[in-house]
Amino acid sequence: MNAVPDPDVQRLRERYPDKFAPEDQVFKHIRRGDRIFLSTACAEPQYLVQALTDYVRSNPKAFCDAEIVHVWTLGVAPYTDERLKYNFRHNSFFVGANTRQPVNAGLADYTPIFLSQVPDLFNRKHITLDVALIQASLPDDHGFLSLGVSVDIVVAAVKNAKLVVAQLNRHMPRVHGDGFIHVDEVDFFVHHDEPLLQYDPQVPDEIAERIGRHVARIVQDGDTIQVGYGSTPNAIMAALSRKRHLGVHTELLTDGLVDLVRKGVVDNSRKSANRGKTVTSFCMGTPSTYSFIDGNPTIEFRTIDYTNNPLVIAQHENMTAINSVLEIDLTGQATAESIGSSFYSGIGGQADF
């Protein structure tokens, strides 16, 4: 926790004293076999995750067989340590770099699924959540916290988890859209300010730049685009800099898309749905992008079952989905999940779009 008392947190603590407790007291609510949810990607509550694994290392018999569930995280993943295999089992809906080796070694699980369907798993109790560890901004004067860069499936997790623990972080931007939750929806607060995780743009190579130029010829002025992540999508976004009046309806907001907004290439003026708004579900970027989305009314974060709903996507005229694959054969069959017999990433939202 932060060493210097924050006056806003102090007022929150005075108003809700029962919602503040030392981390070890919070984690005592976790029982054997509980399913623990983590916020997505750059919103992973790193301090809480590290504190939880430190607690287990100090109290190895505190609980066992807990399942860690999330879409994808970019930060610390100490729960995949083989020495903690009796305490934690990891299950993700997308395979990231920090869990790729454990998944392929059989020490962790991957559940292939369209991201648009994940909230329904929680809402219908096909996957029950016992604990949700999330990260959020400090509450405003009306008691609402912002989930910031990760709205996606986190809203559904908060609504369905039996216990919600929020890491309050001043670095978390407040964003417009669906990502507000009230203090009454949170059982425990832990205040710890730390920089958000970053996703630095991958520098495109010559091949990616050539692909970008080819794709740019296909995209027309006024199209609404969805773009994935990686060096090839980055090259494509750079090649779109001379387009006009593009719109954005995407699951993932990145530095490349924000650059197009800043340049005026994206103005969302011709969108047939949510005109004037850049619509997304979560964000992976750098501090400059996080600053840009903070309080920006033109950027709207919606839940993943909205952004990735095919019926919503179909409302956009001239919708152009730009994604990349890992391998392709001579018949045109492609994979975006695996390389050979090894899992590399996941379905994500590609199939939705």
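The values are calculated or read from the model by the stated rules, or taken from the named source; none is laboratory data. What you see is a predicted model, and the numbers here were worked out from it, not measured in a lab. Using ideal geometry, Cβ is built from the backbone for each residue, glycine included, and neighbour counts are taken over all protein chains shown.
Some notes on this structure:
- Residue match in the range 199-215 (condition: part of a loop (DSSP other than H, G, I, E, B), over 23 Å from the mean Cα position of the chain (by Cα) and either in contact (Cβ under 8 Å) with a residue 40 or more places away in the chain or farther than 30 Å from residue 77 by Cβ (or both)): no
- When 138, 121, 196 are checked against the criterion of being assigned to a loop (DSSP other than H, G, I, E, B) and either free of Cβ contacts under 8 Å to residues at least 24 places away in the same chain or closer than 21 Å to residue 251 by Cβ (or both), a single residue qualifies: 196.
- Restricting the range 56-72 to residues that are without any contact (Cβ under 8 Å) to a residue 60 or more places away in the chain and within 21 Å of the chain's Cα centre (by Cα) leaves a set whose member that is farthest from residue 156 (Cα to Cα) is 67.
- For residue 14, the requirement of being touching a residue at least 12 places away in the same chain (Cβ under 8 Å) and either touching a strand residue (DSSP E or B) at 6+ places or on another chain (Cβ under 9 Å) or outside any strand (DSSP E or B) (or both) is not met.
- Test: residue in the range 199-208 that is out of contact with any Ser or Thr (no Cβ under 6 Å at 6 or more places or on another chain), buried (at least 17 other Cβ atoms within 10 Å of the Cβ) and either among the β-branched types (Val, Ile, Thr) or at pLDDT 95 or above (or both): no
- Qualifying residues in the range 316-333 (those that are more than 24 Å from the chain's Cα centre (by Cα) and under 25 Å from residue 220 (Cα atoms)) - the one modelled with the lowest pLDDT: 332
- The range 227-269, subset of a type in the set (Gly, Ala, Ser) and outside any helix (DSSP H, G or I), residue farthest from residue 197 (Cα to Cα): 269
- Single residue of 126, 142, 182 found to be in contact with a Gly (Cβ under 7 Å, 6 or more places away or on another chain), modelled with pLDDT of 95 or more, surrounded by fewer than 17 Cβ atoms within 10 Å (Cβ to Cβ) and farther than 26 Å from residue 53 by Cα: 182
- Residue within the range 37-55 that is part of a loop (DSSP other than H, G, I, E, B) and over 20 Å from the mean Cα position of the chain (by Cα) present: no
- Among residues of the range 77-91 that are touching a residue at least 24 places away in the same chain (Cβ under 8 Å), those with a Cβ under 6 angstrom from a residue that is of a type in the set (A, V, I, L, M, F, W, C) and assigned to a helix (DSSP H, G or I), sequence gap 6+ or separate chain, pair up as 87/56.
- Residue in the range 104-114 that is at pLDDT 90 or above, part of a helix (DSSP H, G or I) and within 20 Å of residue 339 (Cβ to Cβ) present: yes
- Within the range 221-256, the set of residues being more than 16 Å from the chain's Cα centre (by Cα) and of a type in the set (A, V, I, L, M, F, W, C) comprises 225, 235, 236, 237, 238, 239, 240, 246, 248.
- Pairs where the first residue, in the range 221-234, is within 21 Å of residue 268 (Cβ to Cβ) and the second is part of a loop (DSSP other than H, G, I, E, B) and aromatic (Phe, Trp, Tyr), C-beta under 7 Å, 6+ apart: 226/353
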